[in-house]
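Just so you know, all these numbers are worked out from the coordinates, no wet-lab data involved. If you're wondering where the values come from, they're calculated on a predicted model, not measured in any experiment.
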Amino acid sequence: MAPLSFNVIGFTFVKRMKALYESYRVAAKELTISLGAKVRQLEDYKLGVTNGSPPIEERDEDGYLLWSQEQVLELDIDAINDALHGLRNSFAIAVFHAWEASIQMQSRFKAGEKATIKSYNELVKAASLMNIQVQPELRKICTLVNLLKHQNPILGKKLASQWPEVLPSNVATGINVDWYEVVRLSDADMEFVFDIVSKSGPDVGLTA
């Protein structure tokens, strides 16, 4: 009987990526639906006021505005956008960590090594030795994740060069920048992250 080529580490990686992707899609969909509903509610409210409906608001005895329905809806929209932002950042980190863990485990399994591979270049080299084809675009995802985690302005400059689309065009690169807030991943960016990371990990049938 021919030996089985099934790779349990590859199988685990594929399943983990699928679970992460499905979890992200469900959460992002619900937040996007909520965001759209709030935006429409705000538009309808503004239109109603423009057409003569009394504004929903509260003022003090001197007539100063304390709050208005428009402000409340705008705060709701900001909160949902913040949640989407945090969701994407968190999942980008989790997805890349799944890749790191899979390459480390595969390397230890193959070579019997106990030491943990730490650097990205070492992980890519280890993957190559195991016939795992790491996508070139994974490097900028690595930069993104490390920037989100470590807030290093050097990584901010590096990401601005590698992946400028996820940063504002006028972003500063000083030490006081909150990179977790500055980075703005779109839904399309997240699809890219999942695709590149999935293509860069061990395969279910890998035997090398």
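Observations on the model:
- Between helix 69-111 and the chain: long-axis angle, C-alpha atoms, 0 to 90°, nearest 10: 0
- The helix-based estimate of mean residue ellipticity at 222 nm for the chain, built from -39,500 (n - 2.57) per DSSP H run of four or more residues and divided by its residue count, is -22500 deg cm²/dmol to the nearest 500.
- Tilt relative to the chain, helix 138-150 - C-alpha long axis, 0 to 90 degrees, to 10: 60
- Correct option for Rg and Dmax of the Cα atoms in Å [calculated from the coordinates] among (i) 23.1, 90; (ii) 31.1, 97; (iii) 18.3, 52: (i)
- GNM result for the chain, Cα springs below 10 Å: residue of S34, S53, S119 fluctuating most strongly: S53
- Against the chain, whose longest principal axis comes from its Cα atoms, helix 153-162 is set at around 80 degrees.
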